[in-house]
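Notes for the one structure printed next.
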Amino acid sequence: QVQLVESGGGLVQPGGSLRLSCATSGIIFSIYTMGWYRQVPGKQRELVAVITSGGSTNYADSVKGRFTTSRDNAKSTMYLQMNSLKPEDTAVYYCNAYRTTRTYENDYWGQGTQVTVSS
């Protein structure tokens with residue numbers, strides 16, 4: 001049974017910070033590429049940050065310099081530190097785990113956690 005569970009969302013003022021967590025179970029966490037996505041009603045889900053099994057990271061231009069993703073393989077958990085939050089960061093944030101080989105593809109999603117940035 002594969003589970004990805006996001007936590008840490010909430011309501012913050014512009015300029016504030018939040019730290020999201022994605023706790024996983026049922027996968028060999030250390031070999032998966034992990035990612036954070038976000039979605040606003042009426043819009044497509046967009047990539048926020050990716051961290052590979054080797055620890056390399058990539059970020060959307062809109063969050064570079066403000067967000068940092070990390071992973072703790074011992075805890076099978078990924079994090080997203082969000083600083084200098086803006087109203088346009090308001091969205092449901094989703095955790096993703098991805099792995100592909102020559103013969104199969106695994107793509108798992110969490111249930112999402114709401115982040116609201118408002119004064």
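The values are calculated or read from the model by the stated rules, or taken from the named source; none is laboratory data. Computed from a predicted model, the values in this text were never measured in an experiment. Heads up, the Cβs are rebuilt from the backbone with ideal geometry, glycines too, and the neighbour counts pull from every protein chain shown. Each accessible area value is taken on the protein alone, full model and side chains, heavy atoms only, with ligands, DNA and RNA left out. Shrake-Rupley method; radii C 1.70, N 1.55, O 1.52, S 1.80 Å.
Tally time: how many residues in segment 87-108 are touching a strand residue (DSSP E or B) at 6+ places or on another chain (Cβ under 6 Å) and closer than 23 Å to L11 by Cα?
First, the residues of segment 87-108 that are touching a strand residue (DSSP E or B) at 6+ places or on another chain (Cβ under 6 Å): 87, 89-99, 106-108.
Add one more test, that the residue is closer than 23 Å to L11 by Cα, and what stays is 87, 89-96.
Count: 9.
For segment 79-119, which residues satisfy the criterion of being of a type in the set (V, I, T) and part of a loop (DSSP other than H, G, I, E, B)?
If the condition is that a residue be of a type in the set (V, I, T) and part of a loop (DSSP other than H, G, I, E, B), then T90, T101, T103 are the ones that fit.
For segment 53-66, check the following and say yes or no: at least one residue is part of a loop (DSSP other than H, G, I, E, B), aromatic (F, W, Y) and at pLDDT 95 or above. Full working, then the answer.
Going through segment 53-66, the residues part of a loop (DSSP other than H, G, I, E, B) turn out to be 53-56, 60-66.
Okay, now just the ones that are also aromatic (F, W, Y), so none.
No, every residue in segment 53-66 fails to be part of a loop (DSSP other than H, G, I, E, B), aromatic (F, W, Y) and at pLDDT 95 or above.
Quick check on this structure: which one of Y108, Y94 is buried (at least 18 other Cβ atoms within 10 Å of the Cβ) and either under 15 Å from the mean Cα position of the chain (by Cα) or at positive phi (or both)? I'd like the intermediate steps shown before the answer.
Details: Y108 fails: buried (at least 18 other Cβ atoms within 10 Å of the Cβ).
Of the residues listed, the single one that is buried (at least 18 other Cβ atoms within 10 Å of the Cβ) and either under 15 Å from the mean Cα position of the chain (by Cα) or at positive phi (or both) is Y94.
Go through segment 26-49 and report how many residues are open to solvent by 50 Å² or more (accessible area, probe 1.4 Å), more than 21 Å from Y59 (Cα to Cα) and in contact (Cβ under 8 Å) with a residue 12 or more places away in the chain.
1
Exactly one of (1) open to solvent by less than 60 Å² (accessible area, probe 1.4 Å); (2) closer than 24 Å to Q1 by Cα is unmet by T57. Its number?
Looking at each condition in turn, T57 falls short on (2).
What are the residue pairs meeting all of these: first residue in segment 1-24, first residue surrounded by 14 or more Cβ atoms within 10 Å (Cβ to Cβ), second residue basic (K, R), Cβ atoms under 6 Å, and 6 or more apart or on different chains?
Close Cβ pairs satisfying both conditions: G8/R19.
Give segment 6-59 a look and list any residue that's of a type in the set (V, I, T), within 11 Å of R71 (Cβ to Cβ) and touching a Lys or Arg at 6+ places or on another chain (Cβ under 6 Å), or say none.
Listed by number, the list holds a single entry, I51.
State which residue pairs qualify: first residue farther than 12 Å from Y37 by Cα and of a type outside the set (F, W, Y) and inside segment 95-119, second residue open to solvent by 80 Å² or more (accessible area, probe 1.4 Å) and modelled with pLDDT under 95 in any location, beta carbons under 8 Å apart, and separation of 6 or more residues or different chains.
Correct list of pairs: R99/E105.
With respect to A97, determine if the residue is within 14 Å of V117 (Cα to Cα) and among the hydrophobic types (A, V, I, L, M, F, W, C).
Details: within 14 Å of V117 (Cα to Cα): no; among the hydrophobic types (A, V, I, L, M, F, W, C): yes.
Spelling it out, it is not the case that A97 is within 14 Å of V117 (Cα to Cα) and among the hydrophobic types (A, V, I, L, M, F, W, C).
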